[in-house]
Amino acid sequence: MPHLKVEPFKTEELDRLIAEEEWLHFRAVPESAAPVELLGVEFEGEPFLLEIKKRPEATVLRADKISRPLDVGRIKRCLAALAEKAGWKILHSNIEESAQRPPLAAEAEKSIRDFESMRFPMEKVALEVGFGSGRHLLWQAERHPDTLFIGVEIHTPSAQQVLRQIRLRGLQNVWVVNYDARLLLEMLPSNLLEALYVHFPVPWDKKPHRRVISDAFVEEALRALRPGAVLELRTDSENYYRYALEVFSRPPKSDFRVEKNRDLPVVSKYEARWRRMEKNIYTLSLRALEASSPRQADFDFTFHEPVTYDSIRMVPSKPVVEENFFVHFGRAYRFSDDSGGILECSFGSFDRPEHKYLIYRDKEPLRYFPERPVATATNARAHQKIGAIVYGR
């Protein structure tokens, strides 16, 4: 990821820039002995955090993992602008933008927040989870120009690569979402999808709770699929295949089929390798049999009461675990002007958690950063628990 390595400087010098530049919002100092500070920015209309890691020989600046934007170019331009304003001596960087590298198709990039009130421009919509290199996703989009294909990929470089391919190929019917597909699926309207593809997910044999396919995922998939549409899983893993067989057979009404070593017109480089190794490839197709009722979406993720610094200091250090969700508070930071701070927080479902920051300013309500959680029932319950803990209810 883009970063700067500059000569050591006193981070207090940034407070002057924060007062002068509208796009610089705050500097947050850890309340522990950690050598990492956070700088809150809003660059080119997008809020995120920069990490400032202090070392004896150099200070390193890069985008924070939780809040960083998908557009790497935006991070590079932000770091360059900051270095210029601060007048730092750069020891090393990788923020130069290549003129030869094709730009991202910005219009195809969608955030998870867009789906809270999304209007789909095409009647037919399909979803691919974990598209990797994007060969199958792009092939489908070129073959079916009347269908909108939504590709969801948590691996940022893969998402960026496909956004460049969309621009190069001039495709108008592909969207890319860099987020957890399990959360996005919960955001989609019922009876929307023509197809849902999950090709070669990570098997997670040692951590099966991290698998994409689960009872909860299948339940959401059947809700989001229109009647007659299919959830298609392809895997080379014998363990995953047998696990998916059990999961696909558990719905009260299910219609699924299994195919072995079925060829597709387009294959990924990994599938090509597995074929050369003569590994078996399984395709499991689960068909939605009936229409589903509309999803609930009217969740409130705001905090309405002012918060105090003392209440933030009292949050538990160990995870709070309930029957269907958890809440875990992480590292705490205090703003350099002593007006508030920022607190790491993970919460929600055990197999698809959210990772956010909580910003608190004295005598103001708590708020999420860089954006509020995805509107799911599990996140809503976790949100209520966060409020109960912080406000002592």
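Say the cut-off is 23 Å between C-alpha atoms; which of 206/260; 53/356; 65/110; 10/89; 124/269; 10/53 go over it? 206/260; 124/269, as the Cα separations exceed 23 Å there. Compared with the dominant principal axis of the Cα atoms in the chain, helix 377-390 is inclined by about 20°.
Solvent exposure of the chain amounts to 49 Å² per residue of accessible area, where only protein heavy atoms count and the probe is 1.4 Å. Relative contact order for the chain: 14 percent, from Cα pairs under 8 Å spaced at least 6 residues apart, divided by residue count. Protection proxy ranking, highest mean first, for peptides 41-50, 84-93: 41-50, 84-93, where packing is the per-residue count of other beta-carbon atoms within 10 Å, averaged. Electrostatic bookkeeping for residue 318 treats Lys and Arg as +1 and Asp and Glu as -1; over the other residues with beta carbon under 15 Å from its beta carbon, the sum is 0. Distance distribution P(r), region 252-296, all Cα-Cα pairs, bin width 10 angstrom from 0: 21, 36, 21, 19, 4 percent.
Relative to the compact-globule estimate of 2.2 N^0.38 Å, the Cα radius of gyration of region 176-281 comes out at 1.10.
Model label sites at residue 337 and residue 261, defined 7 Å from Cα along the beta-carbon direction, differ in position by 6.9 nm.
Once you reduce region 124-188 and region 8-53 to the center of their Cα atoms, the two points are 34 Å from each other. With coordinates expressed along the principal axes, the C-alpha atoms belonging to the chain extend over 63, 55, 40 Å, beginning with the largest.
Just so you know, the Rg over Rh for region 219-310 is 1.23, from Cα atoms, with Rh as the Kirkwood radius. The charge dipole of the chain, taken about its Cα centre with unit charges on the Cβ atoms of Lys, Arg (+1), Asp and Glu (-1) only, comes to about 1240 debye.
Placing unit charges on the Cβ atoms of the charged side chains and taking the dipole of the chain about its Cα centre, the candidate lying farthest along the positive direction among 35, 303, 48 is 35. Rounded to the nearest 0.05, the FRET efficiency derived from the C-beta distance between residue 54 and residue 311 at R0 = 35 Å is 0.75. Segment residue 206..residue 19, full-extension length gain: 62.3 nm, with 0.36 nm per residue of separation and the alpha-carbon distance subtracted.
Sequence-ordered 3J(HN,Hα) estimates for region 362-375 from the Karplus curve with 6.51, -1.76 and 1.60 and θ = phi - 60° stand at 3, 6, 10, x, 5, 8, 7, 9, x, 7, 5, x, 5, 6 Hz, glycine and proline given as x.
Per residue, the convex hull spanned by the Cα atoms of region 291-390 amounts to 104 cubic angstrom. Between the helical axis of 238-248 and the longest alpha-carbon principal axis of the chain there is an angle of about 80 degrees.
Each of the peptides 103-115, 292-304 was scored by the mean count of other Cβ atoms within 10 Å over its residues; in descending order, highest first, they stand as 103-115, 292-304.
Restricting the trypsin sites (Lys or Arg not before Pro) of region 51-80 to loop positions (DSSP other than H, G, I, E, B) with no more than 12 neighbouring Cβ atoms within 10 Å leaves 65. Gyration tensor analysis over the Cα atoms of region 164-234 returns equivalent ellipsoid semi-axes of 23, 18, 11 Å (largest first, whole Å). In a simple Cβ point-charge model (Lys, Arg +1; Asp, Glu -1; nothing else charged), region 254-393 has a dipole of about 660 debye relative to its Cα centre. Expressed in Å, the radius of gyration and Dmax of the Cα atoms of region 68-121 are 15.6, 48.
How many percent of DSSP beta bridges within the chain run antiparallel, rounded to 5? Don't jump to the answer; show the numbers that get you there.
On the way: 62 of 86 bridges.
Rounded to the nearest five, the antiparallel share is 70 percent.
For residue 149, the residues 5 or more places off, or on other chains, whose built amide H falls under 5 Å of its own are 126, 174, 175. Straight-line cross-link reach from residue 363 at under 23 Å between alpha-carbon atoms covers these lysines, not counting any fewer than eight positions away in the same chain: 385. Per the Cα gyration tensor, region 1-108 maps to an equivalent ellipsoid with semi-axes of 23, 16, 13 Å, ordered largest to smallest.
Put simply, when 7-20, 336-349 are sorted by average Cβ atoms within 10 angstrom per residue, most first, you get 336-349, 7-20. Given the options 69, 145, 121, state which has the largest fluctuation in a GNM of the chain using a 10 Å cut-off (strictly under) for Cα springs. Greatest mean-square fluctuation among the candidates belongs to 121. From helices alone, the chain scores -7500 deg cm²/dmol at 222 nm; the rule is -39500 (n - 2.57) for each run of n ≥ 4 DSSP H residues, then divide by the residue total.
The values are calculated or read from the model by the stated rules, or taken from the named source; none is laboratory data. In this text, all values refer to a predicted model and were calculated from it rather than measured experimentally. Reconstructed Cβ throughout: ideal geometry from the backbone, glycine too, with neighbour counts over all protein chains shown. Each accessible area value is taken on the protein alone, full model and side chains, heavy atoms only, with ligands, DNA and RNA left out. Shrake-Rupley method; radii C 1.70, N 1.55, O 1.52, S 1.80 Å.
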